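Report on one structure; see the data block that follows.
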Amino acid sequence: MIWLYAKIEQCYKSASSWETTNWVQLVKLYRTLEEIEPRVSVLIPYAESISMRDGPDAGLALLDSKTYGMSDPAWLALRGELLCRTGRSREGLCDFHRAWSTA
């Protein structure tokens, strides 16, 4: 499993900018890692990678499809960010508030 973390790190380091990051490869790697280790610390970058590849609605769909992590401040903060990116700012602000309240 350590090889997955190494490949993920390599994807980030080989990109010259956020925009040139290989989101397709990162989604594949995070999907594999999440299947092995279904935990919020993997789900968050997986959902963010999906949102960068396919848009914020896709990242939200992944977050909302998983029952673990829903009370985690980082999960709530990412959900708030993705909601704001879809134009649902009021809902996003509620999740930011919940994240702050549970931190």
TODO: Rank by packing, highest mean first: peptides 86-96, 6-16, with packing defined as the count of other Cβ atoms within 10 Å averaged across residues.
DONE: 86-96, 6-16
TODO: Name the shape class, rounded, prolate or oblate, that the alpha-carbon gyration tensor gives for the stretch 18-69, where a ≥ b ≥ c are the square roots of its eigenvalues, rounded holds for a/c under 1.5, and otherwise prolate holds if a/b is larger than b/c and oblate otherwise.
DONE: oblate
- [ ] Work out, step by step, the length gained on full extension between ALA15 and SER89: first 0.36 nm times the residue separation, then minus their alpha carbon distance; give nm to one decimal.
- [x] 23.6 nm
Open item on the list: With +1 assigned to the C-beta of every Lys and Arg and -1 to the C-beta of every Asp and Glu, and no other charges, what is the dipole magnitude of the chain about the Cα centre in debye, to the nearest 20?
Closed with: 40
TODO: Report, to the nearest whole %, how much of the accessible area of the chain belongs to carbon and sulfur atoms, 1.4 Å probe, protein only.
DONE: 58
Task: Share of alpha-carbon pairs per 10 Å distance bin for the chain, given as whole % - done: 16, 45, 32, 7, 0
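The values are calculated or read from the model by the stated rules, or taken from the named source; none is laboratory data. Here the structure is a predicted model, which is why all the values come from computation and not from measurement. FYI the Cβ positions are ideal-geometry reconstructions off the backbone, even for glycines, and counts take in every protein chain you see. Quick note on the areas: whole protein, heavy atoms, side chains included, nothing else; ligands and nucleic acids left out. Shrake-Rupley method; radii C 1.70, N 1.55, O 1.52, S 1.80 Å.
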